[in-house]
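Encoded as structure tokens, the structure appears first; notes follow it.
The values are calculated or read from the model by the stated rules, or taken from the named source; none is laboratory data. Just so it is clear, the model here is predicted, and its values are computed rather than measured. Note that we place each Cβ from the backbone using ideal geometry, even for glycine, and neighbour counts take in every protein chain shown. These accessible areas exclude ligands, DNA and RNA; they are computed on the full protein's heavy atoms, side chains included. Shrake-Rupley method; radii C 1.70, N 1.55, O 1.52, S 1.80 Å.
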Amino acid sequence: MRRHVTFDCAGDMLFGTLDEAGGNIGLLIVSGGNEIRSGAHSGQAAMATHFAALGHPVFRYDRRGIGDSEGCNGGFETTCDDIAAAIAKFRSEASHVTKIVVFGNCDAASALALFHAGLPIDMLALANPWVIEAEAPETETGTGAGDDAPTKPSAAAIRARYWARIKNPRSLIDLFTGKVDLRKLIGGLAKAAQKEAPTALAGRLADALAATEKPVHILLAARDTTALAFIGAWKDTVFAEARARGNIRAHELDSASHSFADDQSKAWLEEQLAVLLRG
């Protein structure tokens, strides 16, 4: 059964949704960008239905200033209190839950990585963590519309794009027939060859993950722009300590779907989370 609940966060009333089930391992879904708790294309609502049917209670909520919830939307950097309040409400509404797996996509994944220390959760599932500081990830407020977060492509994303074009025989034909601007192609390849220094945000995520004792699973749609920026940082020395930790694992899917919206991506994400929820 699905129930709607309210709870307090720093004096503001937040709205959440609990999909009830009898199991003792629950799933908390934290929305990213400006998505409401139903998620992009209602993907998070569908995820809640799916896992509740498998016996796992699922809690979702609108953070302050988003959807039904009161307050000011200060972006993911201000959501520590929202996450803590949601966990407390989840545990009070589903008191039989003994373990909580927390899932977040994009900047929600970054918020969880940054703020999870000391929270009563047991495992982190971080999808396509946001490490780009120049601009904030957004989706259409109130609808969760849009599959890919609108980001300025990182060098890693540009490299992936050009490599895909170079491998495509049609691109070579277009080059030789003049349909591709050679000057622009050379400029793009030069930019793609540049090595990007990890952002300060990437460094903060690396420090937080290197310090955690909790199991962390990083789930990446490997051709998504946001994921490509993270993968570029993940392979850098800034994440060396986190990569060496036995409690942190990265999993990649050959997909460009930021919100795992297509059938293949959705099935992969559900299977990854199902394994974590089996304890």
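Out of ASP68, ASP81, I need the residue that is more than 18 Å from the chain's Cα centre (by Cα), modelled with pLDDT of 95 or more and under 19 Å from GLY43 (Cβ atoms). Which one?
Within the list ASP68, ASP81, the selection yields ASP68.
Filter the stretch 89-105 down to the residues that are farther than 14 Å from LEU205 by Cβ and either among the aromatic types (Phe, Trp, Tyr) or not in a loop (DSSP other than H, G, I, E, B) (or both) and list them by number.
If the condition is that a residue be farther than 14 Å from LEU205 by Cβ and either among the aromatic types (Phe, Trp, Tyr) or not in a loop (DSSP other than H, G, I, E, B) (or both), then LYS89, PHE90, ARG91, SER92, GLU93, LYS99, ILE100, VAL101, VAL102, PHE103, ASN105 are the ones that fit.
Which residue out of ALA108, ALA117, ALA86 is open to solvent by less than 10 Å² (accessible area, probe 1.4 Å) and either under 14 Å from GLY32 (Cα atoms) or assigned to a loop (DSSP other than H, G, I, E, B) (or both)?
Just one listed residue meets the conditions, ALA108.
If the Cβ limit is 8 Å and pairs must be 6+ apart or interchain, which residue in the stretch 1-21 that is small (Gly, Ala, Ser) pairs with which residue that is in a strand (DSSP E or B)?
From the stretch 1-21, the pairs are GLY16/HIS4; GLY16/VAL5; GLY16/THR6; GLY16/PHE7; GLY16/PHE59; GLY16/ARG60; GLY16/TYR61; ALA21/VAL58.
Are any residues in the stretch 205-228 in contact with a helix residue (DSSP H, G or I) (Cβ under 6 Å, 6 or more places away or on another chain) and part of a helix (DSSP H, G or I), and if so, which ones?
Those that are in contact with a helix residue (DSSP H, G or I) (Cβ under 6 Å, 6 or more places away or on another chain) and part of a helix (DSSP H, G or I): LEU205, ALA206, ALA208, LEU209, ALA210, THR225, LEU228.
Just the residues that are closer than 19 Å to ASN105 by Cα and open to solvent by less than 50 Å² (accessible area, probe 1.4 Å), please, taken from the stretch 223-238.
Correct list: ASP224, THR225, THR226, ALA227, LEU228, ALA229, PHE230, ILE231, GLY232, ALA233, TRP234.
How many residues are under 16 Å from LEU126 (Cα atoms), open to solvent by 40 Å² or more (accessible area, probe 1.4 Å), assigned to a helix (DSSP H, G or I) and of a type in the set (Asp, Glu) if we restrict to the stretch 249-272?
1
Quick one: is ALA109 of a type outside the set (Val, Ile, Thr), touching a strand residue (DSSP E or B) at 6+ places or on another chain (Cβ under 9 Å) and within 22 Å of VAL131 (Cβ to Cβ)?
Considered against the rule, which asks whether it is of a type outside the set (Val, Ile, Thr), touching a strand residue (DSSP E or B) at 6+ places or on another chain (Cβ under 9 Å) and within 22 Å of VAL131 (Cβ to Cβ), ALA109 comes out as yes.
Having 1 or more residues that are farther than 15 Å from PHE103 by Cα and open to solvent by 40 Å² or more (accessible area, probe 1.4 Å) is the bar; report the strands (runs of 3 or more DSSP E) wholly within the stretch 1-69 that clear it.
2-9, 12-19
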